[in-house]
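Asks: Before I ask anything, here is the structure I am working with.
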Amino acid sequence: MCEKCEKKPYYITTAIAYTSGRPHIGNTYEIILSDAIARYKRAQGYDVFFQTGTDEHGQKIEEKAKALGITPKQFVDDVAGKIKANWDLMNTSYDKFIRTTDEDHEKQVQKIFKKLYEQGDIYKSSYEGLYCTPCESFWTESQLVDGKCPDCGRPVQKASEEAYFFRLSKYADRLVDYYNEHPDFIQPESRKNEMINNFIKPGLQDLCVSRTSFKWGVPVDFDPKHVVYVWIDALSNYITGLGYDVDGNHGEKYKKYWPADIHIIGKDIVRFHTIYWPIMLMALDVPLPKKVFGHPWLLIGDGKMSKSKGNVIYAEDLVNYFGVDAVRSLCLHEMPFAQDGSITWELMIERTNSDLANVLGNLVKRTISMSNKYFNGTVNNPGCREAVDEELISLALATPKKVEEKMEQVRVGDAVEEIFTLLKRCNKYIDETAPWTLAKDEEKHDRLATVMYNLLEGIRFAAVLLQSFIPETAEKILNQLNTPERTLESLESFGHLNTDKVVENPEILFARIDEKAMMERIESDLAAKQKPVEVKKEEKEEKNEITFEDFSKIELKVGEVLKCEKHPKADKLLVSQIDCGHGDVRQIVSGIATHFTPEDMVGKKVIVVTNLKPAKLRGVESQGMILVGETPNDEELALALCELPNGSIVR
């Protein structure tokens, strides 16, 4: 770290996680990525402030809480606790965890809204448009994709209500000028092109910034029937968390750390962070953040994670099988800069065995074991170099600079790859120098000692750099080397190992995994959690009489079929994604494919048994049952339809 950058402030944030449910590994990736950047900047000597947190208001949360019979605050307290525990599980080093239900945040949101209203940037009108409840977004007809929400693909409903609006169009030209003057503001660049071509050039529409159709939000203090809409509430966390005050009585952290050096967000919310947020700051006369990085998604195989699809992997499950650093390593190493990454159980096993166990773990154990075998763990460097040493030393010295360049470009996966390139070169160096052969010749004693020193020093270089990415493992390696030299500055020249003796018994960092045995264990554990039951074919004979109490045990609700497709392994089965109201979208497998096509099903409002035990039908989970009517000989089948709102109870 250069002296001019010493203790220079650096502010990094994640997007705040929406408290609608438990986070999966795709959600968790962002905090791991941001933590790696924060740790690296600290290692460079920056005074880092790393903020994350939760977004806790909105209609979806109000509906979920109501369905559970609890208050919205009780609901978000529970989910926020789970999110924070997940971030802690992944060994992330955030400095502040903000919640949008924090009293000081809500107070500033009210003041921000009022200031923008009083200066004419917010005005009152009425809204008639198409509203997506899951995304909490209004859309025009032209913005829809196949008549559905362009962000999540779900149906939209017509909505009309009195609302306040923010004059985005007033600042459009100024925003484009900022893009041009700060070409690195939006990364990757493809995201910037998308914002300009898809949203700014067609003309910015004024933004709806209040709602009256629900109550779970920050009240507009001068018009209490309105609550502040999600974007002003959520986005302002980046400054309120530092102590920003509309009246100018800013906290010391705001004075020190704002503007943010980088916002790390998912690619699906780039528009809100690079259009709405900058314009909001312009209206408040607040400096804009220096960079917004819209990272790609971490997918399951080749599909986006979805609870309704049943293809979700949770971080805590991965940690249970592989450990924290293995999960961190895969999330960081496998994610490309601009394209979506992929994770599967099988890939996790493969990468643990290849990169972590073979390349890293085996190198460290092998080298320290040889050092103990040949020199009783004593380390010295006679300087008996040969030509083969120079390539290793040259690569070791070049690697910190390569890592720095990649990290400056937010190419974190590429930075990790540079470190593993050095580790692979160390492994090759063992084969080239053959220490076991040198040990047989007493005259080669100094040469052997030099080779061992070069290996240990090469490992130290890698371990120092790995501290930002897999910190627990890096610390274990440095402890086994028994070296105090753990800073980036110590990598400016080759030869700072500074240890007299390595540990006697090297620890196994990553054990090789038997893929078959591990997959059997994982599948068994997951099956036990899902508790699948065998579904028997319905009997055709008359059923026994039941009591009203028996009938009252069945929960029937109105649900809308959002998506339907044929079962991949059964011609008679259809797999439907059904919105049962209040954010409950569930997957139901039905034996009706001989009577209905997937196209017949989409858009239908059906009656669903929602408290039926989940079952697996030919390998696909079903979370309920659709009611149909049929003739005695099964020749005709009809759906039981109902035009009540989604989630309505059928009695």
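Derivation of every value follows stated rules applied to the coordinates shown; laboratory data play no part. Small disclaimer: the values here were computed from a predicted structure and weren't measured. Don't worry about glycine lacking a Cβ; one is built from the backbone with ideal geometry, like all the others, and counts go over all protein chains shown.
Asks: Pulled fully out, how much extra length does the chain show between SER552 and ALA387, if you take 0.36 nm times their separation in residues and subtract their Cα-Cα distance? Provide the component values of the computation, followed by the final result.
Replies: Values: separation 165, 0.36 × 165 = 59.40 nm, distance 8.34 nm.
Length difference between fully extended and current span is 51.1 nm.
Asks: Take the Cβ-Cβ distance between ARG521 and LYS255 as r, set R0 to 51 Å, and report the resulting FRET efficiency rounded to the nearest 0.05.
Replies: That gives a FRET efficiency of 0.45.
Asks: What FRET efficiency do you get for LYS73 and ASP104 if R0 is 22 Å and r is their Cβ-Cβ distance, rounded to the nearest 0.05?
Replies: 0.85
Asks: A further question on this structure: Which entries of LYS7/LYS253; LYS41/LYS256; LYS148/LYS572 have Cα-Cα distances beyond 20 Å here?
Replies: LYS148/LYS572
Asks: Run the numbers for ILE430 and ALA85: contour at 0.36 nm per residue of separation, minus the present Cα-Cα distance, in nm.
Replies: 120.0 nm
Asks: Which of HIS445, HIS496, HIS105 comes first, and how do the rest follow, when ranked by fewest Cβ neighbours within 10 Å? Numbers along the way, then the final one.
Replies: On the way: HIS445 15, HIS496 19, HIS105 23.
Listed from fewest to most nearby Cβ atoms, that is HIS445, HIS496, HIS105.
Asks: Using only Cα atoms, locate the centre of segment 375-438 and the centre of segment 180-241, then give the distance between them in Å, rounded to an integer.
Replies: Measuring centre to centre over Cα atoms gives 47 Å.
Asks: Which shape class applies to segment 548-650: rounded if a/c is under 1.5, otherwise prolate when a/b exceeds b/c and oblate if not, where a ≥ b ≥ c are the square roots of the Cα gyration tensor eigenvalues?
Replies: rounded
Asks: Right, here's the next one. Expressed as a rounded percentage, what relative contact order does segment 548-650 have, with Cα pairs under 8 Å and six or more residues apart? Mind dumping the intermediate values first?
Replies: Details: 230 pairs, mean separation 33.0, N = 103.
The value is 32 percent.
Asks: Using only Cα atoms, find the angle between the long axis of helix 412-433 and the longest principal axis of the chain, and express it within 0 to 90 degrees, rounded to the nearest 10.
Replies: Tilt relative to the chain: about 30 degrees.
Asks: Quickly work out the ILE508-to-ASP247 label distance, labels modelled 7 Å from Cα along the C-beta direction, and quote it in nm with one decimal.
Replies: Calculated label separation equals 6.3 nm.
Asks: Further question: With an 8 Å Cα cut-off and a minimum separation of 6 or more residues, compute the relative contact order for the chain in percent.
Replies: In percent, rounded to a whole number, it is 11.
Asks: While we're here: Under a plain spin-label model, where a point goes 7 Å from the Cα along Cα-to-Cβ, how far apart in nm are LYS7 and LYS225?
Replies: My value for the distance between the label points is 5.6 nm.
Asks: Just to be sure I understand the model, the point goes 7 Å from the Cα along the line to the Cβ. What's the resulting ASP184 to THR344 distance in nm?
Replies: Computed distance between label sites ASP184 and THR344 equals 3.8 nm.
Asks: According to the Cα gyration tensor, what semi-axes, each the square root of 5 times an eigenvalue, does the equivalent ellipsoid of the chain have, listed from largest to smallest in whole Å? Could you put the intermediate results ahead of the total?
Replies: Details: eigenvalues 515, 257, 75 Å².
Largest first, the chain gives 51, 36, 19 Å.
Asks: Sort PHE494, PHE166 by Cβ crowding within 10 Å, fewest neighbours at the top.
Replies: Details: PHE494 19, PHE166 25.
If I rank by nearby Cβ atoms, fewest first, I get PHE494, PHE166.
Asks: Just rank THR54, THR433, THR597, fewest to most, by other beta-carbon atoms within 10 angstrom. Provide the component values of the computation, followed by the final result.
Replies: Values: THR54 24, THR433 21, THR597 11.
Ascending Cβ contact count within 10 Å gives the list THR597, THR433, THR54.
Asks: Within the set LYS115/LYS225; LYS557/LYS604; LYS8/LYS114, which residue pairs have Cα atoms separated by over 24 Å?
Replies: Over 24 Å Cα-Cα: LYS8/LYS114.
Asks: Shifting gears a bit: Give the long-range amide H neighbours of TYR10: residues separated by 5 or more places, or on another chain, with amide H under 5 Å away, using H modelled in the peptide plane at 1.01 Å from N.
Replies: ASP47, VAL48, PHE49
Asks: Per residue of the chain, what 222 nm ellipticity follows from adding -39500 (n - 2.57) for every DSSP H run with n ≥ 4, rounded to the nearest 500?
Replies: The helix-only estimate for the chain comes to -11500 deg cm²/dmol at 222 nm.
Asks: Could you tell me the calculated FRET efficiency between GLU565 and ALA528, based on Cβ-Cβ distance and R0 = 35 angstrom, to the nearest 0.05?
Replies: With a Förster radius of 35 Å, E is 0.80.
Asks: For the chain, give me the percentage of DSSP beta bridges that are antiparallel, rounded to the nearest 5 percent. Mind showing how you got there, number by number?
Replies: Details: 50 of 74 bridges.
Antiparallel bridges make up about 70 percent of those DSSP assigns within the chain.
Asks: For segment 344-530, what ratio Rg/Rh do Cα atoms give with a Kirkwood hydrodynamic radius?
Replies: 1.02
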